[in-house]
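Each remark here refers to the structure printed beneath this line.
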């Protein structure tokens, strides 16, 4: 496949972006593109969902869905499907020309690409490598399946091994991707509610922040509502999950005796100094941590300590 070298370069750039931003990559980072043979190559286009850079002869490099801003609606019906694929709408107009032609070429060549799936306005989860498994011309949509990274051979002379996934395998891949999408959306919403600051330390570096679940997402009565989340640094999140830090229903922070009894450096001291302080709440009262969830989680903290 003649496009494989440039595709592999794009995939490597996505890996780098994920290391920095995780599952919610900002559009400002995506539009920086990547270097290929000494030239800058774009990865996506703001106005077009189906994108092929001029450096590629055919096929496509990426597709994109957009999270509509408040008060707006999305004109395309892109959605996750239970059958083991994403439904991606064809562009308006001729179903075999323009951007739609790129979809047909990618299907014919069994060519992998990146799916930038919006998790919030201006922020995207990168899903890759994806493939076009089928195009429903009359219904005006195509099936996008998720493959494994190893489907792409490092021996470029061998090209790409198309993922011949069974229905259960495809469904599993979509379910796993859906979980990551929901987690990314939850993180974006929680961090936005807390103005991209750690609610315990005030740390304002977004790349170091996470959305901690009050009721863990592994429990059946968990929720993706912002009220079930608290913005914390990775360190504080880890301590909260390990019941080394507790938060009462009145949002008072309690540090465990395990941490209070230790003496070992500035980071530990900073954690100890949180004892008895108040959580910095989000500005919108509708986003305040749920008191009942805090109470249940705090009871667990007390029992553990």
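The values are calculated or read from the model by the stated rules, or taken from the named source; none is laboratory data. All values reported here derive from a predicted model rather than from experimental measurement. We place every Cβ from the backbone using ideal geometry, glycine too, and count neighbours over all the protein chains shown.
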Residues of the stretch 278-305 that turn out to be in contact (Cβ under 8 Å) with a residue 60 or more places away in the chain, over 12 Å from residue 214 (Cβ atoms) and surrounded by 12 or more Cβ atoms within 10 Å (Cβ to Cβ), as a count: 6
Selection within the stretch 96-114 - surrounded by fewer than 23 Cβ atoms within 10 Å (Cβ to Cβ) and closer than 20 Å to residue 174 by Cα: 107, 110
Unmet criterion (only one of (1) within 26 Å of residue 222 (Cα to Cα); (2) at pLDDT 80 or above; (3) surrounded by fewer than 15 Cβ atoms within 10 Å (Cβ to Cβ)) for residue 186: (3)
Members of the stretch 7-33 found to be within 18 Å of residue 130 (Cβ to Cβ), at pLDDT 95 or above and outside any helix (DSSP H, G or I), listed by number: 25
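Rundown of residues vs (1) assigned by TED's automatic domain parsing to the domain that holds residue 174; (2) in contact with a strand residue (DSSP E or B) (Cβ under 9 Å, 6 or more places away or on another chain); (3) farther than 22 Å from residue 186 by Cα; (4) at pLDDT 95 or above, yes/no style:
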{"residue": "63", "(1), (2), (3), (4)": "yes, yes, yes, yes"}
{"residue": "68", "(1), (2), (3), (4)": "yes, yes, no, no"}
{"residue": "120", "(1), (2), (3), (4)": "yes, no, no, no"}
{"residue": "130", "(1), (2), (3), (4)": "yes, yes, yes, no"}
Total residues in the stretch 199-224, condition free of Cβ contacts under 8 Å to residues at least 40 places away in the same chain, within 24 Å of residue 26 (Cα to Cα) and assigned to a loop (DSSP other than H, G, I, E, B): 3
Residue match in the stretch 212-228 (condition: under 15 Å from residue 22 (Cβ atoms), in contact with a helix residue (DSSP H, G or I) (Cβ under 6 Å, 6 or more places away or on another chain) and either surrounded by fewer than 18 Cβ atoms within 10 Å (Cβ to Cβ) or in the same structural domain as residue 300 (by TED's automatic domain parsing) (or both)): yes
